[in-house]
């Protein structure tokens, strides 16, 4: 892991993300690129060229001044930091920047008051998740000693999710994480018997591992009334440090996190969440 991108709005939650990124940067000798999106409105961009340049210059100076304070933190000592200020208005531009800069991981903060719903219901973080081809790690609470040991990967047993599964395994191998694959069985039209789940899981793993499944790779089966509830309840039961979710990009997070999430689940979902593009 050579480069970590941290989009910031100078909030305390952005600082939580930055602290986690700093911990990872120290662990892997990585560089952090800190990005602030000015997002100037169309009103600015329809002014004369001289007015536009003057106002853009003003906001650029303001952002850089805020960086001075925001980046003046003890946990950043010894970490290579590159500051960026861009006038991005659509979040897919962050994905393009990440590709141009060879970013390995994006780390973002999300408001803890709204929990996981803040990630998946219209927030800036959710927009980055939906448009990013790069894994996105979402931090909701202060996590200064971020050092996960156990991650729960929400597995839907679909062949199309193998890419996300491979990317997750590759990243987690660098962290030396123990991986729990979890399939949530729902009481609806997709309900499967134990034997059906085992057969589908066997097929998924054989395809994913070219017929030779590692001996320590298994899928846990959980029965619940929602995908979200099953994942979060299992993560709590095994004291997981991290939840991993495959995403389907612009079309939304297929099979996972559709519709609203019960408040009781959201309130217990304080773990960091990392997403991988399918």
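Computed from the coordinates by the stated procedures, all read-outs in this text should not be read as laboratory data. These numbers come from a predicted model, not from an experiment. Heads up, the Cβs are rebuilt from the backbone with ideal geometry, glycines too, and the neighbour counts pull from every protein chain shown.
Computed packing ranks the peptides 131-142, 94-105, 187-198 as 131-142, 94-105, 187-198, most packed first, by mean other Cβ atoms within 10 Å.
Protection proxy ranking, highest mean first, for peptides 211-222, 24-35: 24-35, 211-222, where packing is the per-residue count of other beta-carbon atoms within 10 Å, averaged.
Relative protection proxy for 4-11, 16-23, 171-178, from highest mean packing down: 16-23, 4-11, 171-178 (other beta-carbon atoms within 10 angstrom).
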